[in-house]
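Worksheet: the structure to be examined is printed underneath.
No value in this document is a laboratory result; all are computed from the given coordinates. This is a predicted model, so every value here is computed, not measured. Cβ coordinates were reconstructed from backbone atoms using ideal geometry, including for glycine residues, and neighbour counts include every protein chain displayed.
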Amino acid sequence: MAHIQLKNISKTFGNHTALTGLDLDIADGEFFVLLGETGAGKTTTLRMIAGLEKPTEGQVFIDGVDVANWGAAERDVALVLQQYSLYPRYTVRENLEFPLKPKIRRLPDAEIKDRVDRAARTLRIEHLLDRKTDRLSGGEMQRVSIGRAIVRKPRVFLMDEPLSALDAKLREALRTELKNLQMQLGATFLFVTHDQIEAMSMGDKVGVLNHGRIVQTGTPHEIYNNPRDTYVASFVGSPPMNLIDGKLVDGRAVMAPLNFELPFAGGAKTGAAADGRPLVFGIRPEDVYLETGAPVEARIHDVENHGVEKILTLRVGDAMLRATVPARTDVEIEQAVRFAWNPDKVVLFDKGSGINLRHAS
Ligand SMILES: Nc1ncnc2c1ncn2[C@@H]1O[C@H](COP(=O)(O)OP(=O)(O)OP(=O)(O)O)[C@@H](O)[C@H]1O
Ligand SMILES: [Mg+2]
């Protein structure tokens, strides 16, 4: 088990900067998810913790010790990758034993057997132990790769998009299993993904990485409800948060180019939002609702049926707005409807910087 800290890490490859001033603090036993788009620097971050890459600047601490001069083996971390690298001509049991066989470890045979059996039981692959790995399904292979990490009993598990090659159903099942596994082992997990649903459903904490910088770190709840800026607001959530340009006029929210108005629950949140300052209003689709007599008229531009709910695209002038409504809502394309929003759920962002006013003050 271990506590991991990254302090002011920067990494450049030639003249390309992959990471800038990165600070991370992952508590012992935490399931931490690093979320970012492709090229954000996620793999680079993992490789630096694993000791496969050196930071250009900054320090990596494991349990308070600066590990700059420690090789990958000494760091005692296990890296699980998207592309599982199993030995195809060997059985599952042999694949699981392999990380325990090097001479330096010198584990007694009984101990090796015990660890392999235990990992197989945990991952529910006992019935596969004598099978060759090239006869396994994708999900089974990924379980075996995770098993290869577990048997080592590492201090830290580093997982680089381990579920992204699997189909949707399997991905969902393994998400739950991995989360359970982490709680059972009480181990520190750093899990990397570009999938915001994975991040929100698995993480105790989520760090959002954008172009090599951490934009926000927090619980999934904090990140979802109080995104630090418009980047996080539009990256997390599906469909994403609606972002509409506007300003406050006498305590009312006025959408600038479109000139429609919605009620706004003022109070503490408006502190920095002086009248007329250019703002972006953020509202989640589930906080927009249709109601006869509501303040603004829109046309139904599109309807997506998702089973329990529908996602409507509303058109006001030439602006689009998403609303998540119950599936029983009966609407047709081009129908005129009236909508409002939950004024308590509106998030204000500064138009120039994109920063959430609650974070700026
Ligand atoms: N060895 C390298 N040499 C040069 N550039 C590199 C090297 N490794 C990574 N990069 C660059 O650093 C940036 C971050 O790469 P990284 O692999 O960490 O991204 P990522 O977030 O893991 O992306 P993905 O989701 O596609 O895996 C990218 O622009 C990448 O091209
Ligand atoms: Mg990567």
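Quick look at the values:
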quantity: Cα→Cβ-extended label distance, 7 Å offset, between Ser10 and Thr56, nm; calculated: 0.7
quantity: Cross-link table Lys113/Lys179; Lys11/Lys42; Lys179/Lys310; Lys11/Lys205; Lys179/Lys205; Lys169/Lys205, entries beyond 18 Å C-alpha to C-alpha; calculated: Lys113/Lys179; Lys179/Lys310; Lys11/Lys205; Lys169/Lys205
quantity: Lys/Arg +1, Asp/Glu -1 at C-beta; the chain dipole; positive extreme among Gly251, Ile62, Pro162; calculated: Ile62
quantity: For Gly21, net neighbour charge (Lys/Arg +1, Asp/Glu -1) across residues whose Cβ lies under 13 Å away; calculated: +1
quantity: Nearest-20 debye value, the chain charge dipole, Cβ charges on Lys, Arg, Asp, Glu; calculated: 1240
quantity: Under 25 Å from the Cα of Lys351 - lysines, other chains or at least 8 residues apart; calculated: Lys247, Lys269
quantity: Rg to Rh, two decimals, where the chain supplies the alpha carbon set and Rh follows Kirkwood; calculated: 1.07
quantity: For segment 242-350: rounded, prolate or oblate by the Cα gyration tensor [a/c cutoff 1.5]; calculated: prolate
quantity: Tail fraction, Cα-Cα pairs, segment 19-153, threshold 27 Å, whole percent; calculated: 32
quantity: Sequence ranges 325-334, 199-208, ranked by mean other-Cβ count within 10 angstrom, highest first; calculated: 199-208, 325-334
quantity: Where the Cα pairs of segment 114-257 fall when distances are cut into 10 Å bins, in %; calculated: 10, 33, 28, 15, 9, 4, 2, 0
quantity: Total formal charge among the other residues, if their Cβ is under 10 angstrom from that of Phe189, Lys/Arg +1 and Asp/Glu -1; calculated: -1
quantity: Within the chain, helix-based [θ] at 222 nm, where runs of 4 or more DSSP H residues each add -39,500 (n - 2.57), nearest 500; calculated: -6500 deg cm²/dmol
